[in-house]
Every structure is written in C-alpha cells, then in structure tokens.
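Scroll down for the structure; my scribbles are underneath it.
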C-alpha cells in the first residue's frame, strides 16, 4: 500500500502489470482474451483478442444452399437462435420478393420476442452473477427452460433451433405449444417482478453498476453501437420501429431508453425490454387467436420453389416430389440480386448482406454482427476503471462469442 | 422535405460530378461507386452535408470479383441516416495487385475492426489504419481466405486423414 512505503523523490517509476483475462476464464462468457495493463487495480489500457471461435461462416455460406445456411445462423447468437434464423429467412424473402401472410408474421413475432426475452434473461442474470448474486440466475433459468420447451414444440430443437423456412414455419403450432405459451404468459410476469425486486433497487448492485463503463451517445453512434447498448446511451434506434418487418407495425410497444450508457442503464433497458416483449407476445397471441377456420391453418407462404412440400404430397404427387428433390439437393437457383436486410436481434441490428449471382448458394454473404462491432469500444469503456468494473462491463454489454466471431 | 434517393443522387452529382457513377437502386437502397481515392472525401461529404447526414456506418465489408480485371476487390460501405431512416450502399473497387484503400477510421471508430476483418479475409490494405493486423484468423496465416481462389478447406492440413472421410483413399470404409 502506498501510504506505508515512501519512495524516494525523483525516483518513482510507474509500474504497470500486464495480465491476461481469458481466453478461458470463468468471468468471460465465451472465449475472449483481454490483455489489460493495470496500475494497481486501475486499468490503464486494454487490448482485445477475438477470433477464438471463428468458424468461417461467411466462407462456408458461399458453398451452401439457403436452408443449410439457416443452420449456420443458429450458431451466431446462440442464446437467441430463432431470431437469427428468422432474420436470415426474412433476408431471403426480401431477395426473392416473397410476402408472408399475417398469421405467419404474428407467429414469427411471438417467437422472436420469446428469443429476445431468453437472451436478455441470460444477460441480466449474468450481470447479477458477475456481481456476486448467483440465485437470480438460477431462478430465472426455469423460465428459460419453458421457452426452450416452446421451441421444442415448434421445431424440435432447444438451442440451435434451425427454425422455420423461407416463407414461414415447417408446421403449424400445436395445441401444446400454445398451452406452454399461455403458461409462460401467466407465470413469467411474477418471476420477472421478483427478479426486478432482487436487483433493480439493490444497494450493492447499484453501487457496482452505476457509473461503470459509461458511453456517450455520440461515441456510441460513432462506434456503430445498436440495440440495448445504444438505447442505454440515449439513442432510440430500434429496427423494429425504424424499418418494420414481419408486421411489427401492427403492435403497440415502447422502446426503453437510458441516459448515461453505463452498466446500470444497460441492465434497466434490457429489463424493460423484457416487459415490452411480454406485451408484444400477448398482443400477438391475441391476434393469432382471432384467425378462424381456414386462415387459422396458414403457417407458410406459398412458395413451392423454396418451401418443402408436405410429406404426404411428396409420396403421392409428382410435382411435390420434384420440388422436394430440387430443394433438398439445392438445385433451386436464387435470383440475381444484392440485398441488405436487417432485424432487431437481441444485441442490436443483425444485418445480412447477401449477393446472389443466380447460383444455388450465395456469391457473398456477410453477417453484420452487432457484438463484433460494439466490442471494439470495450477498451474505451474500461479505461480508468477498476478490474472488477471491467468484468461487469463485459457482461453487461452482452457479448456472445458466437456472434462476435462467426 | 424527406430525404429521397433522388435528392442524394442529385447532391452527389452536384458535388462530385462525373466521379460518382453506377447509380442503382436494388431493393430500394441507393447504390453507387466512385474511384477509390475519393472514398474519404465522399464519406466526409455524406457525413457533414446537413441535408444528407449519413453519420452511422452500418457495415463495411469486401467482395471479390475475380473476373473484373483491375477492379477485383470491392469495398462496400453501408451507411445509414438515422434521422431520416435512409440507407445507402457505397462501393469502391480496387486492384487486387495493389489493394490500397484509405481507412475510414478517422471518421467512424466503428471502421476499426470492420477494416481489420476485411483485411484478414481479403487482403485489402487500409492506408492509415492504426492497427491493421488479422483479427479473426491466426496471425501466421499466409493467404486471404475469402478470396475466390482459395477452396473451403485448408489444403495444407496434415492432421486430417482423408481416407477416414471416404475421400482419395485407396481403401474405402467398407468392411466385408
């Protein structure tokens, strides 16, 4: 401690320690490496190394048909895989000029908002874990399990969902899926309220997160921030409102906006977004229930070139058999075109820049990954703060390694 | 008056004349190109001009067109005007033999890692970038993987036994 040791005048050497956080470290969620230079416990500078989970998705996508690319998009932000899947299908639909029916849009909205809740839950509870409160995380995981069960009813998988098709879903939502959704809508608000009561006005949590890792709106915009991190800094940019897709314009919801862009603001923005997502789910579910008769059986657009036909038709009708063969073997050509399509993923604007040269797979597919773009700001956010603040900043930014590296 | 593609195009031609070409509107997004040496001037104009105000760099990536001799690598900037909600796409083409493009880092801090990724995948040398080294691949990699001439799999791997994958081996995996 400096008050016990007096260094002679004129002979003070500023010594900094360089330590390595990661790539395997319990506090980093995913594989990130940060080489930080510390002066005591204050961070002087930080340098990030990324790429530990780089799986060359963009190169692979040049050799894969659209449905094979859906499996790649699962593994981008793996905490909210349906969002990525649906985003990719929306990009393909934009290229092909397909318009999805309203019921498909509303069902997609339900799934997308469930994924958003699931992702924000992880982020917020992990911020709690990193500040020492483990119970919140375990408690809300039960409801994340319920969300996974809903995914399972719809597409069969829990984590890497590979959900949906170009034009809609593979099958209509079963009665069990709707039952689980109703259970979620009924029980989840109570749990989230308890989670809020644990953290929102908790003295320790507030002291750990207020003023930690702040960023101003101008810097955030310059860094290309999107999503809850940008909204916490005060800019109300939400792709769902700016360029509505999948009938988001039919829903009423507010976009929570913070002011200082620090960890507490990010936590609160995500928390409020979960409440708003619940509102959207309720509205969407009500709209879905209003479809009666034949309309209630619609779960995909009519695109025989890209949508796998029903199995019973494949076994009996010739055209269905041909389409099935062509789609599975990837013989269907995508039209020539260049399109940029984006959705509001859990972390921000997830963009797909798709260039097609008329072949079976894209000529170039680039994923605009929000995590990759805002992680650049990490050294600026943590400079001058303490090491423990750096850990909380990292978890409050919601960095998902899969999306960072792709 | 709302910002439309026509207004943007008009303003660009007014300022840069014949140096901005290739105006297209695929799927409603204005797309144009110019000589690569003009990229910073053009980006700065789009940023500063009050009626345009494209202050958000959504994305920066590259595309390789091996058949366009002299202009094989295209660096694509996606810009977004958040107030008017207008997006545009700006491309600059560069020769693969000497792929130097001025770095947009001074204008957009977001360009930092996006340019590093483009360098890593395509080998575009961003002049003026503070730290242009590979970001997602290993530093020792000698080639630029997303260029079209490189196959999907690394041909220099010695740890993978192709026989086990049913390729190129004399013994097939049939057990009689």
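The figures follow:
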| quantity | calculated |
| --- | --- |
| Shielding by partners, peptide A:125-136 (average Cβ within 10 angstrom, other chains) | 0 |
| The range A:273-355: relative contact order as a whole-number percent, Cα under 8 Å and 6+ apart | 16 percent |
| Chain B: C-alpha gyration tensor shape, a/c 1.5 cut-off, then a/b vs b/c | prolate |
| For the range B:5-150, share of DSSP beta bridges that run antiparallel, in % to the nearest 5 | 70 percent |
| The range A:275-406: mean projected area of Cα convex hull, nm² | 12.7 nm² |
| Cα gyration tensor category, rounded, prolate or oblate, for the protein assembly as shown with a/c compared to 1.5 | rounded |
| Sites residue A:319 and residue A:387, calculated FRET efficiency, Cβ-Cβ separation with R0 51 Å, nearest 0.05 | 0.20 |
| Ranked list, fewest to most other Cβ atoms within 10 Å of each Cβ, for A:54, A:63 | A:63, A:54 |
| Potential lengthening between residue A:305 and residue A:236 on full extension [0.36 nm per residue; Cα-Cα distance subtracted] | 20.9 nm |
| Per-residue average of Cβ from other chains inside 10 Å of B:57-64 | 6 |
| Relative exposure of B:154, A:262, judged by other C-beta atoms within 10 Å (fewest first) | B:154, A:262 |
| Cα-based Rg and Dmax for the range A:349-406, where Dmax is the largest Cα-Cα distance (Å) | 16.1, 53 |
| Relative contact order (percent, whole number), chain B, Cα cutoff 8 Å, 6+ residue spacing | 15 percent |
| Separation in nanometres of the label points that stand 7 Å from Cα toward Cβ, at residue A:279 and residue A:296 | 2.8 nm |
| Point-to-point label distance, residue B:156-residue A:249, nm (Cα→Cβ direction, 7 Å offset) | 5.3 nm |
| Normalised contact order of chain A, rounded percent, pairs of Cα under 8 Å and 6 or more residues apart | 25 percent |
| Span from the the range A:340-406 Cα centroid across to the the range B:43-97 one, whole angstrom | 19 Å |
| Packing-based ranking, highest mean first, of A:163-170, A:274-281 given that Cβ atoms within 10 Å are counted | A:163-170, A:274-281 |
| Sites residue B:71 and residue A:16 - FRET efficiency at Förster radius 45 Å, r taken between beta-carbons, to 0.05 | 0.45 |
| Average other protein chain Cβ within 10 Å of Cβ, residues B:132-139 | 3 |
| Calculated [θ] (222 nm, deg cm²/dmol) that DSSP helices of n ≥ 4 give over chain A, each run adding -39,500 (n - 2.57) | -15000 deg cm²/dmol |
| Hydrodynamic radius of the range A:57-405 per Kirkwood, over alpha carbon pairs, in Å | 20.9 Å |
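None of the figures in this text is laboratory data; all of them are computed from the coordinates on show. Model, not experiment: these values are computed from the prediction. Ideal geometry is used to build each Cβ from the backbone, glycine not excepted, and the neighbour counts take in all protein chains shown.
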